[in-house]
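The values are calculated or read from the model by the stated rules, or taken from the named source; none is laboratory data. Please read these numbers as outputs of a predicted model, since none were measured by experiment. Every residue, glycine among them, receives a Cβ derived from its backbone with ideal geometry; neighbour counts consider all protein chains shown.
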Amino acid sequence: MKKDTNILSCAEFQAQLPELIGSGEQIAEHPHLRSCELCRALLADLETIAEAARQLFPIVEPPDELWEQIESAIKNEEGGSDRG
Ligand SMILES: [Zn+2]
């Protein structure tokens with residue numbers, strides 16, 4: 001009497017939510033959300049809260065210097081070794 005293992009229960013899905021959000025994946029594409037109105041509503045609530053939090057704690061833009069450091073780090077990676 002086992003249910004389809006592809007489909008998570010709401011509790012299982014909600015337990016994974018923070019991880020899904022943190023991983024930056026497209027949560028809206030999640031199969032559970034496609035079939036579960038309850039969790040869609042929950043996610044909408046979370047997004048409203050996250051939006052409010054963003055207004056309270058605005059994310060500081062990274063300074064130009066940081067991008068230069070990233071760029072040079074990438075160049076070092078590419079040209080650093082002659083494997084082949
Ligand atoms: Zn659900």
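Somewhere in region 19-29, is a residue over 16 Å from the mean Cα position of the chain (by Cα), surrounded by 10 or more Cβ atoms within 10 Å (Cβ to Cβ) and either at pLDDT below 90 or not hydroxyl-bearing (Ser, Thr, Tyr) (or both)?
no
Can you pull out the helices (runs of 4 or more DSSP H) entirely within region 1-70 that have at least 3 residues that are away from the ligand (no atom under 15 Å from the Cβ) and of a type in the set (A, V, I, L, M)?
So the answer is 37-56.
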